[in-house]
Amino acid sequence: MALNITSNSAALMCSALTGQLNTNPGVANPTLVVYSGTPPVEADAALGGGNLALVTLLLNNTLAFQAPVDDGGLSRSTANSLPLVGTISLSGTATFFRLFNDVGDVALQGTVGTVGEDLNLDTVTLVQDATFQITSLSLNVPEQGA
């Protein structure tokens, strides 16, 4: 059985999520961390011993997500002030990421790959000291079949 929500509810959920990630001057920055290893079953679960942080990006003071728009069955909010650029701290295979709010709590967790994942990269093989860049970032909340 699939849960179906209205486009208005999806927009409210998307706004609540992006509200945790929009940066506020004078407050610690939210972060995006890309990991290797088997992803935890859910975002509330602790990381496993085999999960290594390959790259950590601070979401700078100018990052803000736009108001959600109805985009054909989902509510989409796109980030401004891109690209996000950082340096890879460890070599490894990227498998998942977490976005942390400005107090360090996990806001969401998603998959990493090259196509059809929550975070798509040119390659999932990350090499220490190389530059890591995100040129497009959006959050999507499905309206149907959630």
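Set side by side, the residues Thr131, Thr111 differ, and just one is at pLDDT 90 or above and touching a Gly at 6+ places or on another chain (Cβ under 8 Å), which is Thr131. Residues that are loosely packed, with under 10 Cβ neighbours inside 10 Å and acidic (Asp, Glu) within segment 112-140 comprise Asp122, Asp129, listed in sequence order. Of everything in segment 87-104 that is closer than 17 Å to Asn120 by Cβ and not aliphatic (A, V, I, L, M), the residue that is surrounded by the fewest Cβ atoms within 10 Å (Cβ to Cβ) is Thr93. Among residues of segment 98-126 that are free of Cβ contacts under 8 Å to residues at least 60 places away in the same chain, those with a Cβ under 8 angstrom from a residue that is surrounded by fewer than 11 Cβ atoms within 10 Å (Cβ to Cβ), sequence gap 6+ or separate chain, pair up as Thr114/Asp122; Thr114/Thr123.
The values are calculated or read from the model by the stated rules, or taken from the named source; none is laboratory data. Please read all numbers here as calculations on a predicted model, not as lab measurements. Positions of Cβ are generated from backbone atoms using ideal geometry, with glycine treated the same way; all protein chains shown enter the neighbour counts.
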